[in-house]
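Notes follow the structure.
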Amino acid sequence: TECEKEPGSLLWIFVMVGNIVRGMGETPIMPLGISYLEDFAKAENSPFYLACLHTATVIGPFLGLLLASFCAELFVDIGSVGADEITITATDARWVGAWWLGILICALLNLLVGIPFWFLPKSLVKEGETNEPEETSEKSVAPLQENYKNENKQTISDFIPFLKALFHNPVYMLFICITVLQFSAFDGMISFMPKYLEQQFGKSASDAIFLIGVYNLPVLCVGYFSGGLFMKKFKINIYQAANIAFWVSLLEYLLYFATFWTVCDTSPVAGLTVSYQ
């Protein structure tokens, strides 16, 4: 018998490099976008605008899951293999969806959406203020450039001491720990929930992805938007917002804890829960 060679494709490197480049492009949006809103929005409108920004960041994954659900219904070799040649269905464990199709579609959309960013002005008039005369703004350009250069020099030299001060700030470190735990829980659900739905309820990969997107992300959008609208309407300050966040988070974890009592019967698995005979 001939020896079977293991597949040794290096195409995964292109996918990894693509994800690295995508992350480099997406990362500045949140910190710079928040600073952009804080600098040019009124104090009472800033929470509402931030809520809209966070809502948009949830709508994106929701649409991405819907796209992934559609792509998972298509065979991985779509275009090169005819539909009549495929002998397995989407519920079969051997089925591999067209995962690469979603990457190409999202790459094209990212390219098109990024074009308007080239036309944004260098500076905006703060909300509620009138435009400055052109002569005044031209005279103020040189001092602003000098201040910007000085700030850059100070930022580079003071970065390490500033970073040490942040690490010794208990409030900041506590916030970092809470954020890590929240994203760990969310990433765990996104990673393992589809397989759980497939094994426990006999759903296909496409249906599992669709259900996760429909049942989870729209609720997050409502929470972000209503929270920002609530802070704008009642002019909630930072201490009141921290108290509200604490009690809402406590209620959230209590509800998650209640899911331990909502268990399903284990599906019979040959050689694991039942014998082969």
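The values are calculated or read from the model by the stated rules, or taken from the named source; none is laboratory data. Treat the numbers as computed from the prediction; the structure is a model and nothing was measured. Glycine gets a Cβ as well: all are built from the backbone with ideal geometry, and neighbour counts include every protein chain shown. Accessible surface areas use protein heavy atoms only, side chains included; no ligands, DNA or RNA. Shrake-Rupley method; radii C 1.70, N 1.55, O 1.52, S 1.80 Å.
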Checklist entry - Which whole-Hz couplings ³J(HN,Hα) result when phi for each residue of region 242-250 is put into the Karplus expression 6.51 cos²θ - 1.76 cosθ + 1.60, θ = phi - 60°, listed in order with x for Gly and Pro? => result 5, 5, 4, 4, 5, 5, 5, 5, 4
Item to check | Of all accessible heavy-atom area on region 175-263, the percent that carbon and sulfur account for (1.4 Å) | outcome: 75 percent
Checklist entry - Stretched out fully, how many nm does the piece from residue 261 to residue 274 gain, at 0.36 nm a residue minus the Cα gap? => result 2.3 nm
Checklist entry - Can you give the net charge of the other residues whose Cβ lies under 15 Å from the Cβ of residue 61, counting K and R as +1 and D and E as -1? => result -1
Checklist outcome for this item: Expressed per residue, the solvent accessible area of region 169-277 in Å² (1.4 Å probe) is about 80 Å²
Checklist entry - With θ set to phi - 60° and the Karplus curve 6.51 cos²θ - 1.76 cosθ + 1.60, what are the ³J(HN,Hα) couplings of region 109-122 in order, to the nearest whole Hz, using x for Gly and Pro? => result 5, 4, 5, 5, 5, x, 4, x, 5, 5, 9, 5, x, 5
Checklist outcome for this item: Summing +1 per Lys or Arg and -1 per Asp or Glu among the other residues with Cβ less than 14 Å from residue 235's Cβ gives +2
Checklist entry - For region 1-122, which whole-number percentage of the solvent-accessible area (1.4 Å probe, protein heavy atoms only) is attributable to carbon and sulfur atoms? => result 71 percent
Next on the checklist: If each residue of separation counts as 0.36 nm, what is the full-extension length gain between residue 246 and residue 20 once their alpha-carbon separation is subtracted?
Outcome noted: 77.9 nm
Item to check | Whole-Hz couplings from phi, Karplus 6.51/-1.76/1.60, listed for region 182-197; x for Gly and Pro | outcome: 5, 6, 5, 5, 5, 5, x, 5, 5, 7, 9, 5, x, 5, 5, 5
Checklist entry - Which of 42/233; 42/232; 126/232; 122/235 have a Cα-Cα distance over 20 Å? => result 122/235
Checklist entry - If you stretched the chain out fully between residue 230 and residue 214, how much longer would it get, using 0.36 nm times the residue separation minus the C-alpha to C-alpha distance? => result 3.3 nm
Checklist entry - Hey, if we sort 54, 168 by accessible area with the 1.4 Å probe, largest down, what's the order? => result 168, 54
Checklist outcome for this item: residue 44 and residue 87 label points (each 7 Å along its Cα→Cβ direction) are spaced in nm at 7.1 nm
